[in-house]
Amino acid sequence: MASRNTFRRELEVLQRDLLKMGTMVEASIFTAVKSLKEGDAQAAQAIVDGDASIDALEVDIERRSLQLLALQQPMASDLRLIGTTLKIITDLERIADHAADIAKVTLRLAGQPLIKPLVDIPRMADISQQMVAEGLQAFIERDPERAERMALRDEEVDHLYNQIFRELLVIMLEDPRTVRQATYLLFVAMYLERVADHATNLAEWVIYMVTGDRRELND
Amino acid sequence: MGSIIEVESLSLYYGAFRALKDVSLSVAGRSVTALIGPSGCGKTSFLRTLNRMNELIPGARTTGRVVVEGRDIYAPGIDVAALRKEIGMVFQRPNPFPMSIFDNVAYGPRCHGVRDRRRLAEIVESSLTEAALWPEVSGNLRKSALSLSGGQQQRLCIARALAVGPRIVLMDEPCSALDPISTARIEDLITELKQAYTIVMVTHNMQQAARVSDTTAFFLDGELVELGGTATMFTRPGDRRTEDYITGRFG
């Protein structure tokens, strides 16, 4: 006979809200990079303003997780699920902060023509965003292999970052007037590189949640 | 620490009913082992095989071996009284004898022939001290044991078990009749006692098993499903049935 129905329901709602937070974070990254590419200050401002609601959701999930630990004394996979949730929301919140950071760059560069059409930065953003999406999917499906495959893509992101770094360096050396904008773009690339690292953490936590093994991926 | 109890393919029958099926496990010396599982899973039956308490039930029969400190306790010629001196037991409900605190603790040593008053007084004091009851009762050892609170009575029963100098103490849900504060005191006491004794306990309270034991054994339908370090058992059990039980999916 199944028991602890109230607890099971609360766990379901907690996971649903975690996924909601994940989806919001994913959308922020996408929109932030799009705003940069298109010089869309209005969209960028919406990302900066929207960060507070992601933060609020994080605090709410955290509060409910701690409450479940205190009141329900979860064990085994339930315990790992709540532990994982507490860790994942921190990574998601950091990713959202980086999306806001990128949106702020859009605002700073508003009205200036870009020193070059953005190609590699949107590519980095795509991969990072897909990594987050895959991580959430692996979480839903309790699929450690899927999480592991996702984490492998961190290498592509690191590679793009190095490429962007070299490219911007050359642009700055050739024309010092580009230094301000190129530095901002380099920040953006660095933020995206960090996003992929947080996505990798997400993969590690999904693996822990399912298997109980804490493994370091791409160290 | 090496193992002090080795159980090999132990089965227990009550008449035709097989209450334990081929249980094998070993218990490390100076450790706390918790036996968990739903009602009727065999955990209490198993506990009672460790000092041959099941023999008191008509029709009970065991096969397999229980080796305690190198001796098969079911071998012919084993002195059961001496065995129970070596392996003490504490029950679910505190069951002090209707006599004074002193006489309760001195009862076992007297039965085993200790007559010297000074020696008895020493045993009573050291046993009550080990059971963390001495400070509360030292002023009035002649008081009836029945006037103590439930938690104190249970600590008295632990002192009584310790008084005959066992190496192993079996506990059958020792806190189930106690309030949370008394429970916490007994749990602290169990942790203290494992410095000197080996403790095997049955508990219905999984948080209690998690708090006090080093090793946890999960029983289901008379079988030992899983035995492991307590931290591992409660964070990443190996068997699906253990997982389902400790997360409250059944039982």
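The values are calculated or read from the model by the stated rules, or taken from the named source; none is laboratory data. None of the values given here were measured: they were computed from a predicted structure. Note: ideal-geometry Cβ built from the backbone for every residue, glycine included; neighbour counts use all protein chains shown.
If you go through the range B:206-235 and keep only what is of a type in the set (Ser, Thr, Tyr) and more than 9 Å from chain A (Cβ to nearest Cβ), you end up with B:213, B:215, B:216, B:230.
Evaluated against (1) free of Cβ contacts under 8 Å to residues at least 60 places away in the same chain; (2) over 17 Å from the mean Cα position of the chain (by Cα), residue A:97 falls short on exactly one condition, (2). Count of the range B:236-250 residues, restricted to those that are more than 13 Å from residue B:209 (Cβ to Cβ) and more than 7 Å from chain A (Cβ to nearest Cβ), is 5. Selection of the range A:68-101 for residues being away from chain B (no Cβ under 14 Å), out of contact with any His (no Cβ under 8 Å at 6 or more places or on another chain) and basic (Lys, Arg) yields only A:87. For the range B:173-205, name all the residues that are buried (at least 19 other Cβ atoms within 10 Å of the Cβ), within 21 Å of residue B:53 (Cα to Cα) and not aliphatic (A, V, I, L, M). Across the range B:173-205, the qualifying residues are B:173, B:174, B:175, B:197, B:198, B:203. Screening residue B:170 on (1) out of contact with any strand residue (DSSP E or B) (no Cβ under 7 Å at 6 or more places or on another chain); (2) modelled with pLDDT of 95 or more; (3) of a type in the set (A, V, I, L, M); (4) crowded, with 21+ Cβ neighbours inside 10 Å shows it passes everything except condition (1). Between A:79, A:92, which is assigned to a helix (DSSP H, G or I), free of Cβ contacts under 8 Å to residues at least 12 places away in the same chain and crowded, with 18+ Cβ neighbours inside 10 Å? So the residue among A:79, A:92 that is assigned to a helix (DSSP H, G or I), free of Cβ contacts under 8 Å to residues at least 12 places away in the same chain and crowded, with 18+ Cβ neighbours inside 10 Å is A:79. Would the range A:190-206 turn up any residue that is surrounded by fewer than 18 Cβ atoms within 10 Å (Cβ to Cβ), modelled with pLDDT of 95 or more, assigned to a helix (DSSP H, G or I) and among the aliphatic types (A, V, I, L, M)? Looking through the range A:190-206, at least one residue is surrounded by fewer than 18 Cβ atoms within 10 Å (Cβ to Cβ), modelled with pLDDT of 95 or more, assigned to a helix (DSSP H, G or I) and among the aliphatic types (A, V, I, L, M). I'd like to verify a number: residues in the range B:105-118 that are over 21 Å from residue B:84 (Cβ atoms) and surrounded by 11 or more Cβ atoms within 10 Å (Cβ to Cβ), how many? Within the range B:105-118, residues that are over 21 Å from residue B:84 (Cβ atoms) and surrounded by 11 or more Cβ atoms within 10 Å (Cβ to Cβ) number 0. Does residue A:65 qualify as being within 14 Å of another protein chain (Cβ to nearest Cβ) and either surrounded by fewer than 16 Cβ atoms within 10 Å (Cβ to Cβ) or assigned to a helix (DSSP H, G or I) (or both)? No: the conditions fail for residue A:65. Looking at the range A:110-132, is at least one residue more than 14 Å from chain B (Cβ to nearest Cβ) and closer than 18 Å to residue A:15 by Cα? Yes, the range A:110-132 contains a residue that is more than 14 Å from chain B (Cβ to nearest Cβ) and closer than 18 Å to residue A:15 by Cα. All of (1) within 21 Å of the chain's Cα centre (by Cα); (2) within 14 Å of chain B (Cβ to nearest Cβ) hold for residue A:35 with one exception: (2).
Can you tell me which of (1) at pLDDT below 95; (2) of a type in the set (Val, Ile, Thr); (3) touching a strand residue (DSSP E or B) at 6+ places or on another chain (Cβ under 7 Å) is the one residue B:80 doesn't meet? The number of the failed condition is (3).
Taking (1) touching a Leu at 6+ places or on another chain (Cβ under 9 Å); (2) over 22 Å from residue A:50 (Cβ atoms); (3) in a helix (DSSP H, G or I) in turn, residue A:116 satisfies each apart from (3).
Would you say residue A:158 is free of Cβ contacts under 8 Å to residues at least 40 places away in the same chain and not in a helix (DSSP H, G or I)?
Considered against the rule, which asks whether it is free of Cβ contacts under 8 Å to residues at least 40 places away in the same chain and not in a helix (DSSP H, G or I), residue A:158 comes out as no.
The residues listed here are A:8, A:16, A:4; of these, the one that is free of Cβ contacts under 8 Å to residues at least 12 places away in the same chain and under 30 Å from residue B:39 (Cβ atoms) is A:8.
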